[in-house]
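Contents: one structure, followed by commentary.
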Amino acid sequence: MGDDPITGKNFDHRKKWIEQHLMQFAGTFGIDLLGLALLSNHVHLILRTRPDVVAT
């Protein structure tokens with residue numbers, strides 16, 4: 001994500017793609033995505049497991 005120093009291309013479009021996939025996977029795997037911070041070189045996630053959702 002961010003600007004590639006060699007090619008000059010900007011890859012910020014990946015932030016939205018990653019966010020969408022994380023929300024989709026959260027529902028699939030029975031977790032709550034409580035917080036999300038996408039930075040140019042890493043990601044911070046606050047997750048909560050949902051065993052009640054998995055059990056059903």
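The values are calculated or read from the model by the stated rules, or taken from the named source; none is laboratory data. Note that this is a predicted model, so its numbers are computed, not measured. Counting neighbours? That spans all protein chains shown, and the Cβs are built from the backbone with ideal geometry, glycine included. Just so you know, the surface numbers come from the protein's heavy atoms only, side chains and all, with ligands and any DNA or RNA stripped out. Shrake-Rupley method; radii C 1.70, N 1.55, O 1.52, S 1.80 Å.
Put simply, of 52, 32 the only residue that is assigned to a helix (DSSP H, G or I) and of a type in the set (Asp, Glu) is 52.
Within region 14-56, the set of residues being among the aromatic types (Phe, Trp, Tyr) and under 18 Å from residue 2 (Cα atoms) comprises just one member, 17.
Whenever a residue of region 40-56 is at positive phi, it has no partner that is part of a strand (DSSP E or B) and hydroxyl-bearing (Ser, Thr, Tyr) lying with C-beta atoms less than 6 angstrom away and at least six residues away or across chains.
Residues in region 1-42 that are under 30 Å from residue 56 (Cα atoms), open to solvent by 60 Å² or more (accessible area, probe 1.4 Å) and hydrophobic (A, V, I, L, M, F, W, C): 17, 23, 25, 29, 34, 36. Among residues of region 22-36 that are within 8 Å of residue 46 (Cα to Cα), those with a beta-carbon under 7 Å from a residue that is assigned to a helix (DSSP H, G or I) and open to solvent by less than 50 Å² (accessible area, probe 1.4 Å) at least six positions away or on a different chain give the pairs 33/22; 33/26; 36/22.
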